[in-house]
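The values are calculated or read from the model by the stated rules, or taken from the named source; none is laboratory data. Please read all numbers here as calculations on a predicted model, not as lab measurements. Cβ atoms come from the backbone with ideal geometry, glycine included; neighbour counts cover every protein chain shown.
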Amino acid sequence: MRHIIATTFGVCLFASLAFAQTKVSLKDPVGDDDGPGTYTYPTDPVYKPGSFDMTSFEVEEKGGEVIFRVGIRVPVEDPWDSKSWGGNGFSLQFIQVYIDTKPDGGFCEGLPGLNIQFKEGQCYEKVVLISPQPKERLHSEVQQKAGKLKEAVVIPKATRARGKVIEAVVDAKDLGGPLGKGTGFQVIMQSNEGYPDAKDLLTRKVNEYAGQHRFGGGSDYDCDPHVMDILVPPAKGGKDEIEAQHEALAYTCDPNNPNAGSRAKIPMVYP
């Protein structure tokens, strides 16, 4: 009897430890940091080529914590000295990780300033903000601008940059518990905007023509997705995923009625 109990306990403990150390690794092709295929970087030299080119995404569960790591093509820099204003050691990137934890329901509209929708049946319950901004600024922006979406927002307890990787740590309970089988992910690569428009949540706009601190190649009617890079299934980094991204971020605008165009429809990736 003791042998059976000990064996059962050992199996359960092993399963618990294995689950607590779940790891997901996804890839994104190099050279697709152009949104729907037309976007260009701002003209200021701080926006170095490759700064918004995501190359990998990793999720690791360790006990009660979940660690998110986003790889970028070039070393992550801090040209605006974020630590001097309470930030997290990088300046340019603003990454939003959308997570689908349930088969039905969830939010289908991206956070304010992105101009995106998620595909039907692939909506999200949580979104993790990986930003250079201090927690206080993030909390303030979310409370003022996110509306009903604020209940989905998770602000990490730690965010940092190391080499070509930006990393964030959250408590698993803030995500509703461990991320089980069937969880979907989407990573939105944007740019940190310290002086956003009144309704935008710290996102940098894409205009028709690039400016010193504005992306180009989009639309001035604010109907384009303000997104430079995303994951697309199967997220193995193949060149075919570049065209798939361009298709996912396709949009239409009606100059006479900005609300009449079609928003970009974003997929989830289910590892």
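Kindly check whether there is at least one residue in the range 152-169 that is touching a Pro at 6+ places or on another chain (Cβ under 9 Å), part of a loop (DSSP other than H, G, I, E, B), at pLDDT below 95 and at positive phi.
No, there is no match, as no residue in the range 152-169 is touching a Pro at 6+ places or on another chain (Cβ under 9 Å), part of a loop (DSSP other than H, G, I, E, B), at pLDDT below 95 and at positive phi.
Can you name the residue in the range 192-229 that is within 23 Å of residue 123 (Cα to Cα), touching a strand residue (DSSP E or B) at 6+ places or on another chain (Cβ under 6 Å) and not hydrophobic (A, V, I, L, M, F, W, C) and, of all such residues, is surrounded by the fewest Cβ atoms within 10 Å (Cβ to Cβ)?
Checked the range 192-229; the qualifying residue surrounded by the fewest Cβ atoms within 10 Å (Cβ to Cβ) is 203.
Just wondering, is there one or more residues in the range 228-242 that are farther than 26 Å from residue 195 by Cα and either β-branched (Val, Ile, Thr) or at pLDDT below 95 (or both)? Spell out the reasoning first.
We begin by selecting, within the range 228-242, every residue farther than 26 Å from residue 195 by Cα; these are 231-242.
From what's left, either β-branched (Val, Ile, Thr) or at pLDDT below 95 (or both): 232, 242.
Checked against the condition, which is being farther than 26 Å from residue 195 by Cα and either β-branched (Val, Ile, Thr) or at pLDDT below 95 (or both), the range 228-242 yields at least one hit.
Cβ-Cβ below 6 Å, separation at least six or inter-chain, first residue in the range 136-165 and farther than 15 Å from residue 199 by Cα and of a type in the set (Val, Ile, Thr), second modelled with pLDDT of 95 or more and assigned to a helix (DSSP H, G or I): which pairs?
That search, which allows pairs on different chains as well, returns 153/142; 154/174; 155/135; 155/138.
Taking residue 241 and the conditions (1) crowded, with 22+ Cβ neighbours inside 10 Å; (2) outside any strand (DSSP E or B), which numbered condition does it fall short on, given that it satisfies the others?
(1)
I'm trying to understand the selection: among the residues of the range 89-119, which are farther than 24 Å from residue 169 by Cβ and either at pLDDT below 95 or of a type in the set (A, V, I, L, M, F, W, C) (or both)?
Filtering the range 89-119 for residues farther than 24 Å from residue 169 by Cβ gives 103-105, 108-109, 112-113, 115-119.
Passing the criteria: 103, 104, 105, 108, 116, 118.
Inside the range 77-126, can you point out the residues that are of a type in the set (Asp, Glu) and under 17 Å from residue 190 (Cα atoms)? Before the answer, list the steps.
Quick first cut of the range 77-126, residues of a type in the set (Asp, Glu) only: 77-78, 81, 100, 104, 109, 120, 125.
Within the range 77-126, 77, 78, 109 meet the criteria.
How many of the residues in the range 74-103 are in contact (Cβ under 8 Å) with a residue 12 or more places away in the chain and either among the β-branched types (Val, Ile, Thr) or out of contact with any strand residue (DSSP E or B) (no Cβ under 8 Å at 6 or more places or on another chain) (or both)?
Taking the range 74-103 as the starting set, the residues that turn out to be in contact (Cβ under 8 Å) with a residue 12 or more places away in the chain are 74-80, 82, 85-103.
Then keep just the ones that are either among the β-branched types (Val, Ile, Thr) or out of contact with any strand residue (DSSP E or B) (no Cβ under 8 Å at 6 or more places or on another chain) (or both); that gives 74-77, 79-80, 82, 85-87, 95, 97, 99, 101-103.
Of the residues in that region, 16 qualify.
Collect the residues in the range 69-90 that are small (Gly, Ala, Ser) and buried (at least 21 other Cβ atoms within 10 Å of the Cβ), keeping them in residue-number order.
Of the range 69-90, the ones small (Gly, Ala, Ser) are 71, 82, 84, 86-87, 89.
Across the range 69-90, the qualifying residue is only 82.
Taking only the range 47-64 into account, find how many residues are buried (at least 20 other Cβ atoms within 10 Å of the Cβ), of a type in the set (Ser, Thr, Tyr) and in contact with a strand residue (DSSP E or B) (Cβ under 6 Å, 6 or more places away or on another chain).
Adding up the residues that qualify gives 1.
Here is a list of conditions, (1) within 19 Å of the chain's Cα centre (by Cα); (2) without any contact (Cβ under 8 Å) to a residue 60 or more places away in the chain; (3) surrounded by 15 or more Cβ atoms within 10 Å (Cβ to Cβ), and residue 128 meets all of them except one; can you say which number that is?
(2)
What number of residues in the range 100-130 are under 28 Å from residue 253 (Cβ atoms) and assigned to a loop (DSSP other than H, G, I, E, B)?
13
Taking the condition of being farther than 20 Å from residue 225 by Cβ, hydrophobic (A, V, I, L, M, F, W, C) and in a strand (DSSP E or B), how many residues in the range 27-73 meet it?
Residues meeting the conditions: 4.
For residue 140, only one of the following conditions fails: (1) among the hydroxyl-bearing types (Ser, Thr, Tyr); (2) in a helix (DSSP H, G or I); (3) crowded, with 16+ Cβ neighbours inside 10 Å. What is its number?
The single condition residue 140 does not satisfy is (3).
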